[in-house]
There are 2 protein chains.
Amino acid sequence: MLTERQRLILNAIVDDYIRSAEPVGSRSISKRGDVGFSPATIRNEMADLEELGFLEQPHTSAGRIPSHKGYRYYVDHLDPTYQNFSAELRTLRAFFAEKLNATEQVIQHAAMILSNITNYTSILLGPEVFHTSLRHFQLLSLNETTAVAIIVTSTGQVESKTVSVPPGVSVSEMEKVVNLLNSKLVNVPLYKLKTRLYRELGQEMQRHLTNFEEIMSILDNIFVEEESDQRVYLSGATNMLTQPEFKDVEKVKDILDLLEETPTLTKMMASMQGAAGVQVRIGTENDHEAFANCSLITATYSLDGEALGTIGILGPTRMEYAKVMSLLGILSKDLTAMLSKLNK
Amino acid sequence: MLTERQRLILNAIVDDYIRSAEPVGSRSISKRGDVGFSPATIRNEMADLEELGFLEQPHTSAGRIPSHKGYRYYVDHLDPTYQNFSAELRTLRAFFAEKLNATEQVIQHAAMILSNITNYTSILLGPEVFHTSLRHFQLLSLNETTAVAIIVTSTGQVESKTVSVPPGVSVSEMEKVVNLLNSKLVNVPLYKLKTRLYRELGQEMQRHLTNFEEIMSILDNIFVEEESDQRVYLSGATNMLTQPEFKDVEKVKDILDLLEETPTLTKMMASMQGAAGVQVRIGTENDHEAFANCSLITATYSLDGEALGTIGILGPTRMEYAKVMSLLGILSKDLTAMLSKLNK
DNA sequence: CGTTAGCACTCGACTCTAACGAGTGCTAAC
DNA sequence: GTTAGCACTCGTTAGAGTCGAGTGCTAACG
């Protein structure tokens, strides 16, 4: 579709613009050395590239900047050879090797490291509770009317929920139920818990219990909410403020607002979890208007072939794709490998 | 120290400036109606107030703005009669009445409501784990080498931690230990756990166990980290961006950076937890430079006379003190009352 | 003597204009 | 096909002028 020379020039422009955040002129491309043509020739090609939709011109007498289509082409034809950032990687690898568990603090800390070494915003989607299975279920009474339910998953994640026990139900009765549940529901995937609860335990429990209805509704309450919460962790949101394209408060406001909206963020990250390898969403490819000038790069790590979580880096559309993509690529593979070693 | 008229004028200036974010002139004060003097008279008083350090002049031909000292005086002499924002309060009260527990989601949601109704940034310091006592302690093995430790406090908070079990230690042995611990340590305040562990259980456990040293170091590891984590929850950080004084990215950057630094934030909030009633830190009274142009208003809620957590609202020094102070005042009392009712 | 009207003065904000220069598109020559 | 040359565009910057909100001071008023 593009000639070799066009490809070369487009590449040079994107590279330059990523560094400088300013429209790139023909002269500066010519002087770079890797495109051995005069400014005039380059200007001609640039005009063509603009007509083809790969470049844009902020105004008549300015240089060119890449369009979304230009970035997309750049990314799709990026040389996938990993750069070496051995220093940063060493930090990260050491960190994960030492404490590979899904405690909140650990994930939060990992997010911080990531945003620090990239200078972008990092978004981590934690291991999905939904698809892990039950390791242990327990109910502890706190006082007459409240109890705390604890669910431990096979991956060691602990979820808890405070529930109020109606006056008619006794704690000892609840405990009877829970003991029954524990033996019957261990190793059932969480997303099947509710249906299992109804189908298999319905009759049996009805025989044992006096306040079947009430207890059932309490349990229902405990399990129903647990389904959807894959949690996101965010770090370096303020790095957005250092980008020159966002020096205007108006423009960052919407982005930061969206970053605060965890449910939306979770959904967005989860939607990228399908495909393998490193995913890139450029500008309007993100289906939120606030991210129209941002790019999101993600990679998914998995255990036994099943996606567990996603690592993401958010930056301006003018972001260092090569660096971030290879970083996330390496990292997700590292994580996957470590997890499988750890769980074998 | 100040004459009645000076007080009146200072008050009017602060009020006006809080609304408009622009230097207040003598004419506009005169026209407000509540200060029945001509601009000239007011100008004279303003000059005096400036000399006394209550007002500042951005430049010679501009109106006056309150200095930190001016805000401080304003706040200290604020009429403490509660305003009524029955609508907002109804939302909040309903919310807390329905789900008064310390689950993360609940606190996070509460923070969101607070930032929404104030249009400032809300900072909540969750119930302090440190001073609650142990309700239940449990260890669950996940596989050969890892186990998850679960600590439930008397307030229903659940803390968990993944630990790796060295090859020499068997899970059954660990469970023996934990059973012993559970019966002996229930109701011990968390901050005493470590010493109790050493003093009372040392000898007894040594008799029961083969790998005393290793097990001890694992337990040590579990309890030591639990001490300090009182958690902060943040919402509406982006509200800072809507304040006209922060329309310049440079100025907000440091503030938002500090807000991302949870440990610092925790410390800051914890340091305000001592005193009773509503606390106000104006500008440089906050001992972080980034908050030099911000004010932090906090109130602490407690149970049985002991401070449990703190609610805070952060805004520009030019913030609606009256509104926020009374809101937090009411809220902290509400919470304290509800908590004591709930735990009796 | 406290208060106020009047007035000259200050100074940031805004507008307008001119000069500048980076960069283009086109044409003609190599 | 490539490049040198050149007229042209247009955003950016700097300087000059104007405006007006607001002040400080002085003198008059009750």
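The values are calculated or read from the model by the stated rules, or taken from the named source; none is laboratory data. On a predicted model such as this, the values are computed, not experimentally measured, just so you know. Cβ atoms come from the backbone with ideal geometry, glycine included; neighbour counts cover every protein chain shown. Only protein heavy atoms, including side chains, enter the accessible area calculation; ligands, DNA and RNA are left aside. Shrake-Rupley method; radii C 1.70, N 1.55, O 1.52, S 1.80 Å.
Considering B:Thr264, B:Thr284, B:Thr300, B:Thr336, the condition of being within 14 Å of another protein chain (Cβ to nearest Cβ) and open to solvent by 10 Å² or more (accessible area, probe 1.4 Å) is satisfied by B:Thr264 alone. Quick check on my filter: what residues within the stretch B:68-90 are part of a helix (DSSP H, G or I), touching a Phe, Trp or Tyr at 6+ places or on another chain (Cβ under 9 Å) and of a type in the set (A, V, I, L, M, F, W, C)? Correct list: B:Val75 only.
Does A:Gly53 fit the bill of being at pLDDT below 95 and more than 9 Å from DNA strand D (Cβ to nearest atom)? For A:Gly53, the condition - at pLDDT below 95 and more than 9 Å from DNA strand D (Cβ to nearest atom) - is not met. Do we have any residue at all in the stretch A:101-110 that's closer than 24 Å to B:Val106 by Cα, crowded, with 20+ Cβ neighbours inside 10 Å, over 22 Å from the mean Cα position of the chain (by Cα) and at pLDDT 75 or above? Looking through the stretch A:101-110, none of the residues is closer than 24 Å to B:Val106 by Cα, crowded, with 20+ Cβ neighbours inside 10 Å, over 22 Å from the mean Cα position of the chain (by Cα) and at pLDDT 75 or above. If only residues of the stretch A:128-155 that are open to solvent by 20 Å² or more (accessible area, probe 1.4 Å) and away from every other protein chain (no Cβ under 11 Å) are counted, the one that is modelled with the highest pLDDT is A:Ser133. Going by what's in this entry, would A:Arg27 be described as more than 12 Å from DNA strand D (Cβ to nearest atom) and not in a loop (DSSP other than H, G, I, E, B)? Criteria not met by A:Arg27. Does B:Gly36 satisfy the criteria of being of a type outside the set (Asp, Glu), within 16 Å of B:Thr3 (Cβ to Cβ), within 14 Å of DNA strand C (Cβ to nearest atom) and at pLDDT below 95? It is true that B:Gly36 is of a type outside the set (Asp, Glu), within 16 Å of B:Thr3 (Cβ to Cβ), within 14 Å of DNA strand C (Cβ to nearest atom) and at pLDDT below 95. If the condition is being open to solvent by 50 Å² or more (accessible area, probe 1.4 Å) and near DNA strand C (Cβ under 10 Å from one of its atoms), then the stretch B:45-57 contributes only B:Gln57.
Kindly indicate whether B:Ser61 is out of contact with any strand residue (DSSP E or B) (no Cβ under 6 Å at 6 or more places or on another chain) and either open to solvent by less than 60 Å² (accessible area, probe 1.4 Å) or more than 14 Å from chain A (Cβ to nearest Cβ) (or both). Steps first, answer last, please.
Working: out of contact with any strand residue (DSSP E or B) (no Cβ under 6 Å at 6 or more places or on another chain): yes; either open to solvent by less than 60 Å² (accessible area, probe 1.4 Å) or more than 14 Å from chain A (Cβ to nearest Cβ) (or both): yes.
So B:Ser61 fits the description; yes.
Restricting the stretch A:14-24 to residues that are touching a helix residue (DSSP H, G or I) at 6+ places or on another chain (Cβ under 8 Å) and within 9 Å of DNA strand C (Cβ to nearest atom), the residue that is least open to solvent (accessible area, probe 1.4 Å) is A:Val24. Take the conditions (1) farther than 22 Å from B:Ala322 by Cβ; (2) open to solvent by 30 Å² or more (accessible area, probe 1.4 Å); (3) away from every other protein chain (no Cβ under 12 Å); (4) touching an Asp or Glu at 6+ places or on another chain (Cβ under 9 Å); B:Gly274 misses just one of them, which is (4).
Among the residues of the stretch A:233-249, those identified as more than 9 Å from chain B (Cβ to nearest Cβ) and either at pLDDT below 90 or part of a helix (DSSP H, G or I) (or both) are A:Asn239, A:Met240, A:Pro244, A:Glu245.
Please determine whether any residue of the stretch A:82-94 is touching a Gly at 6+ places or on another chain (Cβ under 9 Å) and touching a residue at least 60 places away in the same chain (Cβ under 8 Å). Yes: one or more hits. Taking first residues from the stretch A:281-295 that are over 15 Å from A:Val75 (Cα atoms) and partners that are open to solvent by 50 Å² or more (accessible area, probe 1.4 Å), the Cβ contacts under 6 Å between residues at least 6 apart in sequence or on separate chains come to A:Ala290/A:Asp254; A:Ala292/A:Thr284.
Against the conditions (1) more than 10 Å from chain A (Cβ to nearest Cβ); (2) buried (at least 21 other Cβ atoms within 10 Å of the Cβ); (3) not aromatic (Phe, Trp, Tyr), B:Ile113 satisfies every one except (2). Is it the case that some residue within the stretch A:167-180 is out of contact with any strand residue (DSSP E or B) (no Cβ under 7 Å at 6 or more places or on another chain) and within 13 Å of chain B (Cβ to nearest Cβ)? No, the stretch A:167-180 contains no residue that is out of contact with any strand residue (DSSP E or B) (no Cβ under 7 Å at 6 or more places or on another chain) and within 13 Å of chain B (Cβ to nearest Cβ). If you filter the stretch B:34-44 down to residues that are more than 10 Å from DNA strand D (Cβ to nearest atom) and open to solvent by 60 Å² or more (accessible area, probe 1.4 Å), you find that the one that is nearest to B:His59 (Cα to Cα) is B:Phe37. The requirement of being outside any helix (DSSP H, G or I) and within 16 Å of DNA strand C (Cβ to nearest atom) is fulfilled somewhere in the stretch B:1-9, by at least one residue. Looking across the stretch A:79-95 at every residue that is under 30 Å from A:Ala12 (Cα atoms) and among the aliphatic types (A, V, I, L, M), the one that is modelled with the highest pLDDT is identified as A:Leu89. The set of residues from the stretch A:11-24 being within 16 Å of DNA strand D (Cβ to nearest atom), in contact (Cβ under 8 Å) with a residue 24 or more places away in the chain and part of a helix (DSSP H, G or I) comprises just one member, A:Tyr17.
Every condition in (1) within 16 Å of DNA strand D (Cβ to nearest atom); (2) in a loop (DSSP other than H, G, I, E, B) holds for A:Ile65 except the one numbered (2).
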